[in-house]
Structure formats: C-alpha cells, structure tokens
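Working notes, beginning with the structure itself.
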C-alpha cells in the first residue's frame, strides 16, 4: 500500500512539474504581435548587413503576420525592394503588383509604381533587337506621369522617357537607313516619318529630316525634298544636317569647314575646364 502511494506521489509530481513547465513556456514565449515585429526587425537587420535575399523572405513572412495593415504593406514593399536590389526583377515586379493591388490606398503607391517602372527600365539595357521592352516602359512612364505628375519621381521618369524616346528614334532611323541602302524608298520614308511624328523632340530629328530630303530628291520628288529641307532649315539652320541637305538641292554649294575648336560640341567645355584649372 505504501509502495503504491509512493508511486502515485512520484507520478503526480512529474505531471505537475510537466504542466508547470508548459505553462511557463506559454507565458514566456512572445505572442503573435511581438513575434511579427521580431521577424520584421530580423528582416531589417539582414537588409542592413547586405543579405537582401534572406531579408526579402523575412519581410514576406512579417507581412503575413503583422497586425497593422500599414506595417504589412511596408513589409511587402521592403521585400520588393530587396528583390529589386539583387536584380530578382521577376520577384520584385510580382510583389510590387501585389502591393498595388492589395494596398491601393497606401501612401507609398507612387513609389511602388516608380519602382515597378524602374525594374522594367533596367532590363532594357540587355535588349539588342526587340523594342517591346522599350515600348512597355514608355507606356508605363506615360501612365505614371499622368497619375502622379507632382511626385518627386516624376522628374527622374521624364529624363528616362527622353532616353527611351531617343532609343526608339535611333532604332527607327537605323531601319530607315537600311531601307535607303537597299533602295526600298517607301518603307524608308515611312520610318523617317515615324521619327518626325512620334520622336520630334529627340536628337535624331535633324538627321531624319535630312534623310527625307535625300530620299525625296533621289526618287524625283523635288518639291517634297524642298519642303523637308525648309523645315530643317527653319528649325536647325546651323545644323550639319542642314548643310548636307542644302548641298543636295544646290550642287554648287560648298559646305563650310568648321574651325578646329568647333568640330566637337565639347570644345567649349574643355576650354572652360582649362581656364578653371589656372590658379591666379
């Protein structure tokens, strides 16, 4: 009887001890809210250390459990940024689109759209032949400038839009010159007109006008050639391309040679730098 009582007491002791230990674990372990902020802080710490991939995973984990919607949105945006930083463009764009869809009223919506555009824009650099990425980025920037014209990101995107338009104009002009070389006059004219109509503010507008003069004159459309030359002369009468066009229409005209300092546009810049280097 005493033996059974002793065994019972021992078993009771272990049961009580075990329950106490479990209760202590429940009491001492962080709740869901505390854990969510610990996970978020872990993500921040790893991002600051430069481990963007691990940080992105932790930000996504934090987003799913953070109790405050603004904090969840911030975690998702930070995850997207981390993916972008390590050139995981597909993951960055996927999460940025999810951010825009899930948190449409968030104050960082302009930034999310900006980062989404930049992700697309940076991938253009690897494109050699296909102009689709250029056109996609151009369309995205146009939409952004329409919706968020007063944001701090608009100025940067306007600059990038100019670069995109120059790239698109350059491609059109390249194809036009190929058609000129192969004597495919109509396709050449169409390409040159595209530069005039769609990319009139690019640096290639002057050459496009000159090429039109060249093509029209070659196929016997002298009136059209003169109109293109007049347009070129009215807007860019000091242009090298205007001199070339004038030479086509006036065979006896001699193109004046530029002085040595005027041959390059950076001549004035270099001269100015030399002056600044002199210490009086």
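Every number here is computed from the coordinates shown, using simple stated rules; none is lab data. Predicted model, so just to flag it, every value in this text is computed and none were measured. As a convention, Cβ positions derive from the backbone with ideal geometry for all residues, glycine included, and neighbour counts pool all protein chains shown.
Can you figure out the FRET efficiency of residue 107 with residue 32, using R₀ = 22 Å and their beta-carbon distance, to the nearest 0.05?
Once the sixth-power term is evaluated, E becomes 0.30.
Between residue 142 and residue 235, the FRET efficiency from the beta-carbon distance, with R0 = 22 Å, is close to 0.30.
Let me check against my output: what whole-number percent is the relative contact order of region 28-165, with C-alpha pairs under 8 Å and at least 6 apart? In percent, rounded to a whole number, it is 14. Listed by Cβ neighbour count within 10 Å, with the fewest neighbours leading, 137, 200 appear as 200, 137. The simple spin-label model puts a point 7 Å past each Cα toward its Cβ; for residue 132 and residue 171 those points are separated by 1.1 nm. For region 62-120, the square roots of the Cα gyration tensor eigenvalues, ordered a ≥ b ≥ c, give a/c of at least 1.5 with a/b no greater than b/c, which places it in the oblate category. State whether region 166-257 is rounded, prolate or oblate according to the following rule on the C-alpha gyration tensor (a ≥ b ≥ c being the square roots of its eigenvalues): a/c under 1.5 gives rounded; otherwise a/b larger than b/c gives prolate, and the remaining case gives oblate. Oblate is the answer for region 166-257, as a/c is 1.5 or above yet b/c matches or exceeds a/b.
Extension gain for residue 86 to residue 198 (0.36 nm times residue separation, less C-alpha to C-alpha distance): 36.8 nm.
With one equal scatterer per alpha carbon and no solvent term, the Debye-computed log10 I(q)/I(0) for region 28-165 at 0.10, 0.11, 0.16 1/Å reads -0.38, -0.45, -0.84.
Using alpha carbon centroids, what distance separates region 133-190 and region 214-228, in Å? With region 133-190 and region 214-228 each reduced to a Cα centre, they are spaced 26 Å.
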